[in-house]
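The following block contains the structure, expressed as C-alpha cells.
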Amino acid sequence: MTDSVIVTDEGPVRIIRFNRPEKKNALTQPMYAAITGALREAQASAAIRAVILTGGPGAFSAGADIGEFLESAQSGGLRPHTLEFLKALAHNEKPLVAAVGGVAVGIGVTMLFHCDYVVAAANATFTTPFLKLALIPEAASSLLAPMRMGHARAFSMLVMGRPLSAAQAKEAGIVNEVVDAAQVEATALTAAQEIAALPVGAVAVSRRLMRGDLDAVTKQIDTEVMHFKDRLTSDEARAAFSAFLARKK
Ligand code: COA
C-alpha cells in the first residue's frame, strides 16, 4: 500500500492519481505496484468503463525515480513492478484517458502511447531523456512512437531527448486536446464519461481492433527490458544517475 497513488471511482470512471508532488510524481516501485493493482481491478470490474491516469497541477509524472534507478543498477537492474506495470498497461482492455497537467517525462510520456484519449495543459511538456541517462526507450515506445508520430519525430523525441510542447504533442498525435491547466481534469473526466456512456461491448471490440498486434507490443516490451537492464547497470548510466541526484539547483 502507498498513499503516493490515490484511486477513486466516480461512477463508471476510475481515477488513478499519481500523488508524489514533492518529487514531481516520479514513480517508485510501490507506486508502480499500486497502479498495476488499480488497473487490474478495473479490468475485472464490469462497473468500471473507463480509467483516467492523472498527476496533479504542474506535474503528470517526472518518470521513473532516478534514486531507484541507481539502486537497481547496483542490484543487477531488477525493477519487477515496472515490468508488471508495463504488461498491465499493454494488456489493459478498459479505455484509458490521461490528464497531463504539467511535466511528463520518460515513462510519463511513453505510457501515453497506451492511452486512448489524452488531455494536456497548454503549458505541459513532454520529454523522454532516456539517452541523457544512458538508457533506451521503454514501454514499447520504440515500436509505438514511430508508428504514431513517424520515425523522424519519434527519433528526435525518444533518442535525442528533445522536448515537445503540448501543441507539438497534439500535432504529433500524442494528445487529443490542449486546454487551460485549470481545465485538464474536468476535460478528461468529460471524455471518460462520454466513452463510458457508449455501448460497452462495442467499445471493447473497437478498441481491441484499433490497438493492433498485442503480441508484437508485448514482445517489444520484453526486448526493450532486456536492453534496458543491460544499459541500467552500465557505468555511464550509473554516472548519469549520480550526477542527477547530486546536482545543485
Ligand atoms: N527521480 C527522482 N527524483 C526526481 C525525479 C526523478 N525522476 N524528478 C524530479 N525529482 C525530484 C528532484 O530531485 C527534486 O527533489 P528535491 O526537492 O529533494 O531536490 C524534486 O523532485 C523536484 O524536482 P525539481 O528538479 O526541483 O523540479 P523542476 O520543476 O525544476 O524540474 C523536472 C522538474 C521533471 C524537469 C526535473 O526534476 C527532471 O528533469 N527530473 C528528472 C526526470 C528524468 O530524467 N526522469 C527519468 C526519465 S527516464
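The values are calculated or read from the model by the stated rules, or taken from the named source; none is laboratory data. Just so it is clear, the structure is predicted and the values come from calculations on it, not from any experiment. Cβ coordinates were reconstructed from backbone atoms using ideal geometry, including for glycine residues, and neighbour counts include every protein chain displayed. Heads up: the accessible areas ignore ligands, DNA and RNA and are worked out on the full protein's heavy atoms, side chains in. Shrake-Rupley method; radii C 1.70, N 1.55, O 1.52, S 1.80 Å.
Does segment 13-33 contain at least one residue that is small (Gly, Ala, Ser) and part of a helix (DSSP H, G or I)?
For segment 13-33, residues small (Gly, Ala, Ser) and part of a helix (DSSP H, G or I): present.
For segment 177-212, what are the residues that are buried (at least 18 other Cβ atoms within 10 Å of the Cβ) and polar (S, T, N, Q)?
Correct list: 187 only.
Exactly one condition in (1) among the small types (Gly, Ala, Ser); (2) under 17 Å from residue 6 (Cβ atoms); (3) not in a helix (DSSP H, G or I) is false for residue 46; which is it?
Of everything listed in (1) among the small types (Gly, Ala, Ser); (2) under 17 Å from residue 6 (Cβ atoms); (3) not in a helix (DSSP H, G or I), residue 46 misses just condition (2).
Going by the conditions given, is residue 100 within 14 Å of the ligand (Cβ to nearest atom), under 22 Å from residue 6 (Cα atoms), in contact with a strand residue (DSSP E or B) (Cβ under 6 Å, 6 or more places away or on another chain) and not small (Gly, Ala, Ser)?
Yes; evaluated as a whole, the condition is true for this residue.
If you check every pair at least six apart or on different chains, which have Cβ atoms under 7 Å apart with a residue in segment 231-249 that is free of Cβ contacts under 8 Å to residues at least 24 places away in the same chain first and a residue that is open to solvent by 90 Å² or more (accessible area, probe 1.4 Å) and in a helix (DSSP H, G or I) second?
If the second residue must be open to solvent by 90 Å² or more (accessible area, probe 1.4 Å) and in a helix (DSSP H, G or I), no pairs are left.
I've got another one for you. Just to be sure, is residue 90 under 15 Å from the mean Cα position of the chain (by Cα), of a type in the set (A, V, I, L, M, F, W, C) and surrounded by fewer than 23 Cβ atoms within 10 Å (Cβ to Cβ)?
It is true that residue 90 is under 15 Å from the mean Cα position of the chain (by Cα), of a type in the set (A, V, I, L, M, F, W, C) and surrounded by fewer than 23 Cβ atoms within 10 Å (Cβ to Cβ).
Give all pairs with beta carbons closer than 6 Å in which a residue from segment 16-27 that is more than 9 Å from the ligand (Cβ to nearest atom) meets a residue that is open to solvent by less than 10 Å² (accessible area, probe 1.4 Å); count only pairs at least 6 apart in sequence or on separate chains.
16/35; 16/38; 16/53; 17/54; 18/25; 18/55; 18/61
How do the helices (runs of 4 or more DSSP H) wholly within segment 85-202 filter down when requiring 3 or more residues that are of a type outside the set (Val, Ile, Thr) and farther than 22 Å from residue 15 by Cα: which remain?
It comes to 141-149, 151-154, 166-171.
Just for segment 142-165: of the residues that are surrounded by 21 or more Cβ atoms within 10 Å (Cβ to Cβ) and touching a residue at least 60 places away in the same chain (Cβ under 8 Å), which one is nearest to the chain's Cα centre (by Cα)?
Taking the candidates together, the pick is 144.
Six or more apart or on different chains, Cβ under 7 Å: which pairs go from a residue in segment 46-62 that's modelled with pLDDT of 95 or more to one that's of a type in the set (Lys, Arg) and within 16 Å of the ligand (Cβ to nearest atom)? Could you list them?
59/24; 62/23; 62/24
I'm checking my understanding of the structure. Among residues of segment 1-12 that are touching a helix residue (DSSP H, G or I) at 6+ places or on another chain (Cβ under 8 Å) and not in a loop (DSSP other than H, G, I, E, B), which one is most open to solvent (accessible area, probe 1.4 Å)?
10
Please tell me if residue 101 is in contact with a Phe, Trp or Tyr (Cβ under 9 Å, 6 or more places away or on another chain), of a type outside the set (Asp, Glu), buried (at least 18 other Cβ atoms within 10 Å of the Cβ) and under 18 Å from residue 29 (Cα atoms).
no
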